[in-house]
1. Could you put 71, 9 in order, starting from the residue whose Cβ has the fewest other Cβ atoms within 10 Å?
2. Could you work out how far apart the two model spin labels at residue 37 and residue 19 are, taking each label as a point 7 Å from the Cα in the direction of the beta carbon, and quote it in nm?
3. Using helices alone, what [θ] at 222 nm do you get for the chain, with -39,500 (n - 2.57) per DSSP H run of 4 or more residues, divided over all residues and rounded to the nearest 500?
4. For mean projected area of the Cα convex hull in nm², the choices are (1) 4.4; (2) 5.0; (3) 10.1; which was calculated from the structure?
5. Sorting 77, 11 on the 10 Å Cβ count, fewest up front, what's the list?
6. As I understand it, the value is the acute angle between the Cα axis of helix 5-16 and the longest principal axis of the Cα atoms of the chain; what does it come to in degrees, rounded to 10?
7. Compute the long axis of helix 37-51 from its Cα atoms, compare it with the longest principal axis of the Cα atoms of the chain, and write down the angle in degrees, 0 to 90, nearest 10.
């Protein structure tokens with residue numbers, strides 16, 4: 001399965017209530033998207049439900065920015 005990065009960015013943007021263009025690789029969840037730790041946990045659950053990619057709570061907490069999340073998802077899809 002290949003990763004549709006735009007779909008993930010759209011999902012992230014919708015979750016945080018921002019425009020998709022604000023969900024660039026360097027957008028930090030806390031500083032740029034206004035997320036707190038609970039928001040990030042909810043996002044990992046949303047990714048798991050919508051994309052079928054299991055992300056553990058600790059893995060999700062290590063993602064500081066959108067690019068980190070994309071790399072994690074990509075690595076999970078690679079096996």
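Values quoted throughout were computed directly from the atomic coordinates according to the rules given, and no laboratory measurement underlies them. Source: prediction; values computed, not measured. Cβ: placed from backbone, ideal geometry, glycine included. Neighbour counts: every protein chain shown.
1. Arranged by neighbour count, lowest to highest, 71, 9 become 71, 9.
2. Calculated label separation equals 3.3 nm.
3. -17500 deg cm²/dmol
4. Recomputing mean projected area of the Cα convex hull in nm² here picks out (1).
5. If I rank by nearby Cβ atoms, fewest first, I get 77, 11.
6. That helix lies at roughly 40 degrees to the long axis.
7. 40
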